Amino acid sequence: MKGKAIFTTNFLLNGIFVIALFILVFTSSVTYKHTVVINESTELLVHSYQIQIQLERLESFVKEAETGQRGYIITKDPSFLQPYNSAREEIKNPVFTLKYLTSQNPQQQQNLDSLLRLVNLRFALLAASLDIISEENSNKKMLDENMAKGKNVMDYMRIQINMMVDLEVANFNKHQKKYNREISITPVFTLILFIFTMIFLIISYLKIQKDLIIQRKTNEKLLISIESIKHAEIIGEFGISQWDMKTGEVSFSDNLYALLGCEPQSFEPTVANYLKFVHPDDRHIVSDGRKKTLENNANPLEYRIIRKDGELRHFKSMGKIITDTERSKLHVGIDRDITQQHLSELALVERNRELENIVNELDSFNRVASHDLQEPLRKIQTFISRLSDNELAKISDTSREYIAKIKTSANTMRMLIDDLLLFSRANKIEKVFEQTDFNILIENVRQELSQTIEEKNAVLTVGHLPNLNVIAFQIQQLFVNLIGNSLKYCKPDIYPEINIDCELIQSNDYPILNTDAQKRYYKISVTDNGLGFEQKYAETIFTLFQRLHNKSEYPGTGIGLSICKKIVENHNGFIIAEGKPGMGSTFTVFLPE
Amino acid sequence: MNNGQMHILLADDDEDDRLFFREAFDEIKINTKVETVNDGVELMDYLTRPDITLPHILFLDLNMPRKNGMDCLRELKRIDYLKDIAVVIYSTSASDVDIEETFVQGANVYLKKPNDFNTLRKTLEAVITTNWQYQTSGLNRDNFILSL
């Protein structure tokens, strides 16, 4: 979005620059043209003026000659002939100038020719009059005629001169009109151009102003970002290195220097200088990493650093190549000090090893329990069973009673070992989950417990149960234990009734399911009408070896419900117990959907 | 089966268990000849002796010193003239790993030592009266473990 704004700015400013340039060129050319036109007018004016002056000079020379001639005729003084003669000579000047001035104008040339013919005629008549005077018997009549002719010629000359002047004036006027026509459009143009220029100037000004504000804001953000990164580097214990892959230029952030135990920018940021801090045995890791980066398949690197003060630290480097249109490739690397993490990992590995040892010890304990403890017990039981009834009859009642007690104890011990084995097996992590139909599982349980159910005339009612992904044999064991419990702790005077129900519930409706996310659970409850228990024991009954009843009344090991809890936990579920003495109990199992 | 007599061999390091075993067969009304050896090494020595009659059924304890039952089972299944002897695993424990492994190695029955003498006698009687030729062909994991 920023990039787009800057792009439009550039586009706008470029446009304005081109238009301004165009206006300048246009104005210049118009001004130039005007100057040329004004020059032409001036020249034309001067030209007409010169022609007029020359024509006047021509006329005045003719008049001078005439005046001189007239004075001579009256006075016969030859000194009057001097201006007449000089005028005849000097008239050649204006004639020559006029010929030159009119050379571009054929019409004026023609007029000039006519004028010069009249001038010549006039001079010829003047000369003729002088000739008449010089004769002895001057013919007064001929002279008068001649004089009259001369006056006529003079009149024609004036007309001719006026005509030529008029023509010049007309020419000038014509030019002036054209000039006026052209010049009259220019002020409008200039004004329009001026307005346009003003508008563009204002737009440019506003745009630049706006851009400056954006730039200032961007600068502020940039400064904040730079500061944030600096702080982030310190908090996160990492440094940033930049590597221009085109020029090979490298730069390190201040914190990277700090992580190496150096003052910021205290040495030249080069790969070679960085490698000096890398543990000699790990330098190949960093060098290989750089090569791989060049081949575009870089992985995070882990290596050791020896800081300036000699302290050994563990570093992890990872990076990314940023491809830019202008600067072809920039590699940005993050170098993290992971010493703390590394030490924790080591501690964790150590702890894991300890745990593994413990698990192994437990395993060997299991072996001892399953084999070595059973063997002597089995022999005790077998030897007791070898005492035949005949032999038992021979010993005293007390001894017989002792033997019976040995037998009972041996049986209890057998039960304990078997249950402990079951419990440890429920712990073992051989979790093979499979989609299982709970209805079939319950039928299996019914089969397994059929003898007791028949003996006690128990009624087992089962609602519809779901299909779930579970460890089948464990869930079966769970129901054997729960239903077995209900059958065991029944009231002697009434037939046991056991109900199994199931419903799908939301986890947030049951605070006991303290899960964060809303999940759905199957709530399976096993309810009986047996002895029940006091609610304050609801939790302790799941503890290993906890019993609520006397062993002689209800034989048991106190392991069964612990196994149930373990199994439910293996399935990420929950189990709770509710009871009322003399009313019965309900065990509820929650299994995730 | 010479003279209709059934030869039975037990390899077990436990003296008491050998005693129970013999006493049980004494009470079984079938013509049997019971021999016992004390461990795996003794067992293999006995079976490779030229002068003995090979047993029809071998009862093999798993947990024995010097050479255990599993090694013996593997070994004798590799020897041509021994591999057809019916092998009954006779052990205190019945761990899943042991059951799986002995089944794979070709044992015929897995028998967990009972806690009661009468049960022992009945079980052994059932084992030796089984028609092994027939039983072997239909052997599967379900009927591998003998439970009574």
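Let me know the mean shielding of A:378-386 by other chains, meaning the per-residue number of their Cβ atoms within 10 Å of its Cβ.
Neighbouring Cβ atoms belonging to other protein chains average 6 per residue here.
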Self-check item: Total charge dipole magnitude, the range A:430-592, about the Cα centre, Cβ charges on Lys, Arg, Asp, Glu only, Debye to nearest 20
Solution: 360 debye
Quiz item: What are the residues whose amide H is under 5 Å from the amide H of A:His331, where those residues sit 5 or more places off or on another chain and H is modelled from the backbone?
Solution: A:Trp243, A:Asp244, A:Met245, A:Ile322
Exercise. Would you grab the residues whose amide H sits under 5 Å from the one on B:Lys33? Only those 5+ places off in sequence or on another chain, please, with H modelled 1.01 Å from N.
Key: B:Met6, B:His7, B:Ile8
Exercise. Take peptides A:144-156, A:77-89 and line them up by average Cβ neighbours within 10 Å, highest first, as a rough protection proxy.
Key: A:144-156, A:77-89
Quiz item: For chain A, what is the calculated [θ] at 222 nm in deg cm²/dmol (nearest 500), taking -39500 (n - 2.57) for each run of four or more DSSP H residues and dividing by its residue count?
Solution: -22000 deg cm²/dmol
Quiz prompt | Rel. contact order, % - alpha carbon contacts under 8 angstrom, at least six apart, chain A | solution = 7 percent
Self-check item: Residues A:Leu355 and A:Asn299, FRET efficiency given R0 of 41 Å [Cβ-Cβ distance, rounded to 0.05]
Solution: 0.85
Exercise. Within 10 Å of each Cβ in peptide B:56-63, how many partner chain Cβ atoms are there on average? Round it to a whole number, please.
Key: 1
Practice problem: Please give the average number of partner chain Cβ atoms lying within 10 Å of the Cβ of each residue in B:20-26, rounded to a whole number. | Solution: 1
Quiz item: A:Lys405 to A:Asn508: FRET efficiency via 1/(1 + (r/R0)^6), r the Cβ-Cβ distance, R0 51 Å, to the nearest 0.05?
Solution: 0.40
Exercise. Place +1 on the Cβ of every Lys and Arg and -1 on the Cβ of every Asp and Glu in the protein assembly as shown, take the dipole about the Cα centre, and give the residue among A:Pro264, A:Gln109, A:Ile498 whose Cα lies farthest towards its positive end.
Key: A:Gln109
Exercise. Distance between Cα centroids, the range A:78-116 to the range A:275-335: provide it in whole Å.
Key: 104 Å
Quiz prompt | Extension reserve of the A:Gln265-A:Val30 stretch, reckoned as 0.36 nm per residue once the Cα distance is removed | solution = 78.4 nm
Quiz prompt | Most to least accessible of A:Arg307, A:Arg414, A:Arg353, A:Arg117 (protein chains only, probe 1.4 Å) | solution = A:Arg117, A:Arg353, A:Arg307, A:Arg414
Quiz prompt | Length released on extending from A:Glu227 to A:Met318, taking residue separation times 0.36 nm less the Cα-Cα span | solution = 30.6 nm
Quiz item: Among A:578-585, A:62-69, how do they line up from the highest to the lowest mean number of other beta-carbon atoms within 10 Å?
Solution: A:62-69, A:578-585
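Over the protein assembly as shown, what is the percentage of antiparallel beta bridges among all DSSP beta bridges, to the nearest 5?
Values: 53 of 76 bridges.
Rounded to the nearest five, the antiparallel share is 70 percent.
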Exercise. Report the accessible area of A:Lys407, computed with a 1.4 Å probe over the heavy atoms of all protein chains in place, in Å² rounded to the nearest 10.
Key: 110 Å²
Exercise. Round to a whole angstrom and tell me the spacing of the C-alpha centers of the range B:71-114 and the range A:205-273.
Key: 74 Å
Quiz prompt | Heavy atoms of B:Asp71 accessible to a 1.4 Å probe, total area in Å² rounded to 10 | solution = 70 Å²
Self-check item: Sequence ranges A:162-170, A:12-20, ranked by mean other-Cβ count within 10 angstrom, highest first
Solution: A:162-170, A:12-20
Quiz item: For A:Lys217 and A:Lys246, what is the calculated FRET efficiency with R₀ set at 41 Å and r taken between the beta-carbons, to the nearest 0.05?
Solution: 0.85
Quiz item: How big is the accessible area of A:Cys564 in square angstrom, nearest 10, if you roll a 1.4 angstrom probe over the protein chains?
Solution: 0 Å²
Practice problem: Find how much the distance from A:Tyr495 to A:Phe365 grows on full extension, using 0.36 nm per residue of separation minus their present alpha carbon separation; answer in nm with one decimal. | Solution: 42.6 nm
Quiz item: For the range B:71-104, which residues drop by 10 square angstrom or more in accessible area between the chain on its own and all protein chains together (1.4 Å probe)?
Solution: B:Thr92, B:Ser93, B:Asp96
Quiz prompt | Label point distance in nm, B:Lys83-A:Ile192, each placed 7 Å from Cα along Cα→Cβ | solution = 11.3 nm
Self-check item: Exposure rank, largest accessible area first [A:Phe238, A:Phe11, A:Phe365; 1.4 Å]
Solution: A:Phe11, A:Phe365, A:Phe238
Self-check item: Cα-centred dipole magnitude for the range A:166-290, charges only on beta-carbon of K, R (+1) and D, E (-1), debye, nearest 20
Solution: 1060 debye
Exercise. For the range B:25-84, build the charge dipole from Cβ charges (+1 Lys, Arg; -1 Asp, Glu) around the Cα centre, then report which of B:Pro55, B:Pro65, B:Leu76 sits farthest towards its positive end.
Key: B:Leu76
Quiz item: Using the membrane-span-like helix rule (whole DSSP H runs, Cα extent along the own axis of at least 24 Å, mean Kyte-Doolittle hydropathy at least -0.5), which helices of chain A qualify?
Solution: A:2-75, A:106-134, A:140-236, A:397-427
Quiz item: the protein assembly as shown: D in µm²/s via Stokes-Einstein (Kirkwood Rh, Cα pairs, 4 °C, 1.567 mPa s)?
Solution: 31 µm²/s
Self-check item: Dipole magnitude (debye, nearest 20) for chain A, charges at Cβ of Lys, Arg, Asp, Glu
Solution: 1400 debye
Quiz item: Out of the DSSP beta bridges found with both residues in chain B, what percent are antiparallel (nearest 5)?
Solution: 0 percent
Practice problem: Report the relative contact order of chain B, percent, no decimals, based on alpha-carbon pairs under 8 angstrom and at least 6 residues apart. | Solution: 22 percent
Self-check item: Out-of-range pairs (alpha-carbon distance over 32 Å; input A:Lys405/B:Lys113; A:Lys394/A:Lys491; A:Lys405/A:Lys536)
Solution: A:Lys394/A:Lys491; A:Lys405/A:Lys536
Exercise. Work out the charge dipole of the range A:430-592 with +1 on the Cβ of Lys and Arg and -1 on the Cβ of Asp and Glu about the Cα centre, then indicate which of A:Gln518, A:Asn570, A:Ile475 is farthest towards its positive end.
Key: A:Asn570
Quiz item: What total accessible area, in Å², is buried where chains A and B meet, using a 1.4 Å probe and rounding to the nearest 100?
Solution: 1400 Å²
Quiz prompt | Computed helical MRE - 222 nm, chain B, DSSP H runs ≥ 4 contributing -39500 (n - 2.57), nearest 500 | solution = -11500 deg cm²/dmol
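The values are calculated or read from the model by the stated rules, or taken from the named source; none is laboratory data. Bear in mind that the values here come from a model prediction, so they are computed numbers and not experimental data. Every residue, glycine as well, gets a Cβ built from its backbone with ideal geometry; the counts of neighbours run over all protein chains shown. These accessible areas exclude ligands, DNA and RNA; they are computed on the full protein's heavy atoms, side chains included. Shrake-Rupley method; radii C 1.70, N 1.55, O 1.52, S 1.80 Å.
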